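The values are calculated or read from the model by the stated rules, or taken from the named source; none is laboratory data. None of the values given here were measured: they were computed from a predicted structure. Glycine also receives a Cβ, built like all others from the backbone with ideal geometry; neighbour counts cover every protein chain displayed. For the accessible areas, the whole protein counts, side chains as well, though only heavy atoms, and no ligand, DNA or RNA atoms are used. Shrake-Rupley method; radii C 1.70, N 1.55, O 1.52, S 1.80 Å.
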Amino acid sequence: MTVFNAPSFDDHEQLVFAADRASGLRAIIAVHDTRLGAAVGGCRMYPYASDEEALDDVLRLSRGMTYKSALAGLPLGGGKSVIIGDPGQHKSPALWQAMAEFIESLGGRYVAAEDSGTSVEDLQAMSHYTQYVSGVAETEHGGDPSPSTALGVFVAIRRALRHRLGAEDLQDVHVAIQGLGHVGFALAEMLVAAGAEVLASDINPVNLARAQSELGVTPVSTEDVLELDVDVLAPCALGGALNEESISGLRAGIIAGAANNQLREQADGARLADRGILYCPDFLINAGGIIDVHYQRSGLDRSSLGTHIESIGDRLSEVLKRADCCHRPTGEIAEKLAEELLNECSVTAKQGLRSAA
Ligand code: NAD
């Protein structure tokens, strides 16, 4: 297994592996960039088929966090952690203690948040052993940032519609959602309330039945969801949904969803652009959760949270306009903008240090 030469390594500042015999913990923490602040990012638990797969996931996700926080105007760096294991079978108090002690050992360079396979309860279990967890505050949603993530995606869908069709109105707009978990369900709820026709799939029949009975969502199969003739496709399951094979079958005009790393590889951004499909970069539009986590952790006034999340819409419009102007994929433009913001901040910080000296 190569590390420094892995394609996803991309100049990570720090990469730490942990194993704990007693609890069976096997985990990786990746700290990509701390120029803007401590690296904050989810702690994912997943039964990875190999160490390489886990490594690739944590590296790609932590890099995405750097760009996500920069674009969202947050004083946070990018990082992520993964626990190799089945969340349905391998959770235990000893595992959370070992993971918490691992996080604590980095002294605050990495701060964990909820992610796929982990819950607010898991973070609460870790918070007894480390101060470096977030998303456990007593809020309306008990610390779960997913409704805020859904709000950011909802705002982005409206902006993308305005960019494409000149109007944000969702009445009778058809949206397909892949994955009705924490974010997908909340997104479906907002879309239905705004008058959209929502079709959705989930590998978990309980989630699908709930959305059908509570929201009137039309269930579709997991095979069909990516190929529906809809206005918007919202991937809200796991990453990699957009790849060479699936992109050729897409019929949606706009892609805007919460899942991280929706593009399997960079070339998929160009494939979408070549097909005239407007792709809203995942790391830009799913920032509502990290914004919420930052508000919780910093004790900021939550009355301005909604406005901050809605600013995702302005950032997206900027990216879409730039992408149109220079005929480049939207993901590439969003990354470039994030790099510009990171460079500006490090120049300002260096100037501050010089004038203080
Ligand atoms: P979740 O685990 O609650 O929900 C994912 C849902 O997708 C589950 O219901 C699962 O059954 C379903 N699913 C899995 N594979 C599927 C498939 N092939 N087809 C259809 N459904 C499938 O996760 P979540 O918190 O809702 O997050 C969803 C995505 O958004 C993840 O990629 C996550 O990393 C990303 N994300 C979440 C947040 C957040 O605040 N929760 C923030 C940013 C990004």
For residue 65 the rounded accessible area (nearest 10 Å², probe 1.4 Å, non-protein molecules ignored) is 10 Å²
Cβ-based charge dipole, region 146-339, positive-most Cα from 295, 170, 207:
295
What list of ³J(HN,Hα) values in whole Hz, one per residue of region 293-304 in order, does the Karplus curve 6.51 cos²θ - 1.76 cosθ + 1.60 (θ = phi - 60°) give from phi, with Gly and Pro shown as x?
4, 5, 4, 4, 5, 8, x, 6, 5, 5, 5, 9
For the chain, take N as its residue count and report Rg(C-alpha) divided by 2.2 N^0.38 Å.
0.96
Let me understand region 1-133 better: what is its radius of gyration from the alpha carbons, and its Dmax, in angstrom?
13.6, 41
For region 146-339, with only Lys/Arg (+1) and Asp/Glu (-1) charged at the beta-carbon, what is the dipole magnitude about the Cα centre, in debye rounded to 20?
460 debye
Given DSSP loops and a limit of at most 15 other Cβ atoms within 10 Å, what is the longest stretch of the chain that contains no such GluC sites (Glu not before Pro)?
1-137
How large is the Rg to Rh ratio of region 15-54 when both quantities use alpha carbon positions and Rh follows Kirkwood?
1.02
Given 106, 76, 32, which one lies farthest toward the positive end of the charge dipole of region 1-128, if we put +1 on the Cβ of every Lys and Arg and -1 on the Cβ of every Asp and Glu?
76
Region 254-343: which chymotrypsin sites (Phe, Trp or Tyr not before Pro) are DSSP loop and have at most 13 other beta-carbon atoms within 10 angstrom?
none
The chain, dipole about Cα centre (Lys/Arg Cβ +1, Asp/Glu Cβ -1), debye to the nearest 20:
880 debye
Only Cα pairs within less than 10 Å get springs; with that Gaussian network setup on the chain, which residue of 93, 47, 235 has the largest fluctuation?
93
Where does region 99-158 land on the Kirkwood hydrodynamic radius, alpha-carbon pairs, in angstrom?
12.5 Å
Once Lys and Arg get +1 and Asp and Glu get -1 on their Cβ, which of 54, 220, 248 lies farthest toward the positive end of the dipole of the chain?
54
Between 218, 66, 130, find the one with the highest GNM mean-square fluctuation for the chain; connect C-alpha pairs within less than 10 Å.
218
Most mobile listed residue (210, 35, 315) in the chain, GNM with C-alpha springs under 10 Å
210
How big is region 168-261 by the Kirkwood estimate over distinct Cα pairs, in Å?
12.9 Å
Taking every other residue with Cβ under 14 Å from the Cβ of residue 184 and scoring Lys and Arg +1, Asp and Glu -1, one gets -4
What is the spread of the Cα atoms of region 146-339 along each of their three principal axes, largest first, in whole Å?
45, 43, 30
